[in-house]
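What follows is a short report on a single structure.
The values are calculated or read from the model by the stated rules, or taken from the named source; none is laboratory data. Since we're looking at a predicted model, the values are computed, not measured. Note: ideal-geometry Cβ built from the backbone for every residue, glycine included; neighbour counts use all protein chains shown.
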Amino acid sequence: MAGQPDFLVTVPTRGDGRDPLRRDRGGWQPGGHRPLPPFVTDLRAGASGPFDHLAQIGRAAELAAIGGALVPFDPAGEESLVVAAGLLRQSRHLRVVAGFHPGIATPVYAAKVSASLQRFTGNRLGWQLDVELDPAVARSQGDFLQGADRYARAEEFLSVAKGVWHEEGYTYEGRFYQVLAGGFQSPNSGLPFPRVHLTGSSPEALALSARHADVHLFTPDQDIETAIGELAALSAREGRRVEYGLRLPVLARDDDDEAWAEARRLWELTGDGGLPDPDPRTRLWPGFHRIAGSGPSGLVGSYATVAAGIRGYLDRGVTTFVLESRPHLEETYRLGERLLPLFAKEIEHVH
């Protein structure tokens, strides 16, 4: 039986733009800004700052009744926790998930920052812990752990963060972290811990999620059904229930022809040869890495076609959908106004 969908949008941390080759929105590519048209008479510098475009995306999600936003960890982009804090401050209802890796700080400090954000924003912060980084990226972040040690550290990170959050006088001694008589006091105690989102399909990733995740996020290229079955069994042994999510690139328009015409237009701008065909079995199109800078495979088609694809994942147990679509501002309005209403009955049960 299908579950009830929860939708989030992805917020860009490395600029945005109307075509794949430009990311000048949000203060990126300053040398590549388009000149202002001659009818623009207000030429004041600083009228719009780097955060303003991100704030517009968050506001668009809230106005379009999209439940939340994911600010992914991006070593070459803006700091996700800072962006998340800004979005939470600028909104009243939007839930914001901040992506980061366990090497960012001690778990006590990460928990303390998050406790303040929870208190200031009505408990709307979530975490996405990125455990498996490309080795070169990890080293550039000062993180030289490899293999199973990454998951061992993530296990300790989450255990300590939850420990100081929930228990005054908390003490812990592990391989990576030690705490002596820690723990938060009022008013930073007693708050809901951020909902934890984890990723991956390895045995280590699924075992970590079984013990700590509230939501496990997959990608369309993974064997989702097999992984869900394994994770369900593991989490049941832990006496827990984990929800299943999907990071899903989408390009939706009024009809299929219009959607594919837009995909073709964006693809041609990249100068990358002929447009690839969707997978005949899954209908997933493998070209999003070129036109949107997101995961490689996603759904292209009319709003009804994309909704049908999402319902197929709902039928397999996925209930959280982190939608990725560029340009983020315009597409957030499109998705909220045209796609989500097709799930109105299901969403009413959630809210």
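Brief remarks follow.
- For segment 113-141, the candidate set comprises residues that are among the hydrophobic types (A, V, I, L, M, F, W, C) and at pLDDT 95 or above; within that set, the residue that is farthest from THR199 (Cα to Cα) is PHE120.
- Enumerated strands (runs of 3 or more DSSP E) restricted to segment 168-212, each holding at least 2 residues that are surrounded by fewer than 17 Cβ atoms within 10 Å (Cβ to Cβ): 170-173, 178-182
- Scanning segment 221-248 for residues that are outside any helix (DSSP H, G or I) and either of a type in the set (D, E, K, R) or touching a Pro at 6+ places or on another chain (Cβ under 8 Å) (or both) turns up ASP221, ASP223, GLU238, ARG240, ARG241, GLU243, LEU246, ARG247, LEU248.
Listed here are the residues, each with its yes/no results for (1) among the hydrophobic types (A, V, I, L, M, F, W, C); (2) out of contact with any Asp or Glu (no Cβ under 9 Å at 6 or more places or on another chain).
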site: VAL179; (1), (2): yes, no
site: SER186; (1), (2): no, yes
site: VAL196; (1), (2): yes, no
site: GLN222; (1), (2): no, yes
site: ALA227; (1), (2): yes, yes
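- Matching entry among THR305, THR320, THR332 (being polar (S, T, N, Q), at pLDDT 95 or above, surrounded by fewer than 22 Cβ atoms within 10 Å (Cβ to Cβ) and not in a loop (DSSP other than H, G, I, E, B)): THR305
- ARG264 meets all of the listed conditions (1) over 20 Å from ASP16 (Cα atoms); (2) free of Cβ contacts under 8 Å to residues at least 24 places away in the same chain; (3) over 20 Å from the mean Cα position of the chain (by Cα) but one, namely (1).
- The set of residues in segment 84-110 that are at pLDDT 95 or above, more than 14 Å from ALA61 (Cα to Cα) and in contact with a Gly (Cβ under 9 Å, 6 or more places away or on another chain) comprises GLY86, ALA98, PRO107, VAL108.
- Here LEU54 qualifies as at pLDDT below 95, closer than 26 Å to LEU217 by Cα and crowded, with 22+ Cβ neighbours inside 10 Å.
- Of the residues making up segment 58-82, those that are in contact with a Gly (Cβ under 8 Å, 6 or more places away or on another chain) and among the β-branched types (Val, Ile, Thr) are ILE66, VAL71.
- ASN123 passes every criterion in (1) assigned to a helix (DSSP H, G or I); (2) within 28 Å of THR319 (Cα to Cα); (3) polar (S, T, N, Q) apart from (1).
- Cβ-Cβ under 7 Å pairs, at least 6 apart or on other chains, segment 290-307 side on the phi > 0 side of the Ramachandran plot, far side buried (at least 19 other Cβ atoms within 10 Å of the Cβ) and among the hydrophobic types (A, V, I, L, M, F, W, C): GLY301/ALA252; GLY301/ALA259
- Conditions (1) aromatic (Phe, Trp, Tyr); (2) surrounded by fewer than 19 Cβ atoms within 10 Å (Cβ to Cβ); (3) modelled with pLDDT of 95 or more: number failed by PHE144: (3)
- Here is the figure for segment 64-83: residues that are among the small types (Gly, Ala, Ser), farther than 19 Å from ASP6 by Cα and modelled with pLDDT of 95 or more total 1.
- Single residue of segment 70-95 satisfying the filter (small (Gly, Ala, Ser) and surrounded by 22 or more Cβ atoms within 10 Å (Cβ to Cβ)) that is nearest to LEU198 (Cα to Cα): SER80
- Members of segment 281-301 that are β-branched (Val, Ile, Thr) and either part of a loop (DSSP other than H, G, I, E, B) or farther than 18 Å from ARG18 by Cα (or both): THR282
- For segment 250-280, taking the residues that are assigned to a loop (DSSP other than H, G, I, E, B) and in contact with a Phe, Trp or Tyr (Cβ under 6 Å, 6 or more places away or on another chain), the one that is surrounded by the fewest Cβ atoms within 10 Å (Cβ to Cβ) is identified as LEU275.
- Hits in segment 114-132 - residues which are surrounded by fewer than 19 Cβ atoms within 10 Å (Cβ to Cβ), on the phi < 0 side of the Ramachandran plot and within 19 Å of the chain's Cα centre (by Cα): GLU132
- The number of residues in segment 56-87 being part of a helix (DSSP H, G or I) and of a type in the set (Gly, Ala, Ser) comes to 7.
- Single condition GLY32 does not satisfy, out of (1) modelled with pLDDT under 90; (2) under 19 Å from TYR333 (Cα atoms); (3) touching an Asp or Glu at 6+ places or on another chain (Cβ under 7 Å): (2)
- Given (1) of a type in the set (Asp, Glu); (2) modelled with pLDDT under 95; (3) farther than 26 Å from GLY27 by Cα, index of the condition GLU167 fails: (2)
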